[in-house]
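What follows is calculated from the coordinates using simple rules that are stated; it is not laboratory data. Quantities reported herein were computed from a predicted structural model and do not represent experimental measurements. Using ideal geometry, Cβ is built from the backbone for each residue, glycine included, and neighbour counts are taken over all protein chains shown.
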Amino acid sequence: MNKPRRALLKVIVLGDSGVGKTSLMNQYVYKKFTQHYKATIGADFVTKELQIDDKLVTLQIWDTAGQERFQSLGSAFYRGADCCVLVYDVNVQKSFETLNNWHEEFVKQADPVDPDAFPFILFGNKIDGGSSRMVSEKKAREWCASRGDIPHFETSAKEGYNVNEAFLCVAKMALEGE
Ligand code: GTP
Ligand code: MG
C-alpha cells in the first residue's frame with residue numbers, strides 16, 4: 001500500500017516567558033516581528049503547510065504561555081504531540097537553566113512511550129543581541145548531548161535568522177516519529 005501523502009503534525013513550543021516563542025512562530029508563519037511584548041495566555045496554535053519530499057505536511061504549532069500564572073494546560077493538551085520545541089534566550093542564563101524543568105514537565109504530561117526517543121529540539125533565540133550573550137553554543141550543545149543528542153539551532157526571530165531551517169528540522173523530526 002502507498003504511504004499516505006499528507007500528515008498533520010502537532011508541535012508544542014515550551015520555554016520561559018519572554019524567550020521569544022510567539023515571535024519565532026510569527027516570524028516563521030507570517031514573516032512578521034514586533035518589539036512589543038504581549039504575554040501569551042493559555043495556548044494557541046497556528047498552522048503552516050510545507051512539502052517534504054513527496055509529502056504535504058501540515059504543522060500545527062502550539063504556542064504556550066511561559067508565565068506560570070497563564071499556564072492552564074492539562075496533560076490531554078500534551079498528548080499526541082509529534083515534536084517538542086524547547087526555547088531559551090541566549091542572553092538570559094536562567095532561561096537556559098529552566099530547560100530541565102520544561103523537558104521534565106513535557107515528559108511527565110505527554111507521557112511518550114519512550115521519552116529518550118521522543119523528538120525534542122532546542123532553539124537558542126535572540127542571537128542578534130551581540131555581546132550580551134550569556135549561554136555559549138558549547139554549553140547548549142553539551143546539554144543536548146546529555147539528553148540524547150537533541151538538535152540545536154541558534155535563532156533570531158527578530159532578523160529571521162535560522163528560523164526556517166530550525167522549523168524544517170522540526171517538521172522532519174516530527175514526520176519521522178509519526
Ligand atoms: P510568553 O508568551 O510570556 O511565554 O513569552 P514569549 O516566549 O512568547 O516571548 P515573545 O515572543 O512574546 O517575545 C518577548 C519579547 O522579546 C518581545 O518584546 C519580542 O519583541 C522580543 N524578542 C523575541 N524574539 C526576539 C529576537 O530574536 N531578538 C530580539 N532582539 N528580541 C526578540
Ligand atoms: Mg508568547
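Sorted from fewest to most neighbouring beta carbons within 10 Å, what does the list 88, 30, 161, 78 look like?
Lowest to highest Cβ neighbour count: 30, 161, 78, 88.
How many percent of DSSP beta bridges within the chain run antiparallel, rounded to 5?
Numbers: 11 of 33 bridges.
So the antiparallel bridges in the chain amount to around 35 percent.
Taking the alpha-carbon centroid of each part, what is the distance from the stretch 100-123 to the stretch 12-73 in angstrom?
18
From the square roots a ≥ b ≥ c of the eigenvalues of the alpha-carbon gyration tensor of the stretch 1-126, which class results: rounded (a/c under 1.5), prolate (a/b over b/c), or oblate?
It comes out oblate by the Cα gyration axes.
Fewest first, what order do 10, 94 take by the number of other Cβ atoms within 10 Å? Show your work: numbers first, answer last.
Working: 10 19, 94 10.
Ranking 10, 94 by Cβ neighbours within 10 Å, fewest first, gives 94, 10.
Normalise the Debye intensity by I(0) for the stretch 80-160, one equal point scatterer per Cα, no solvent, then take log10 at q = 0.11, 0.14, 0.23, 0.27 Å⁻¹ and round to two decimals.
-0.29, -0.46, -1.09, -1.36
Starting with the fewest neighbours, write out 167, 45, 123 ranked by other beta-carbon atoms found within 10 Å of each beta-carbon. Walk me through the numbers before you get to the answer.
Details: 167 25, 45 15, 123 30.
Sorted ascending by nearby Cβ count, the order is 45, 167, 123.
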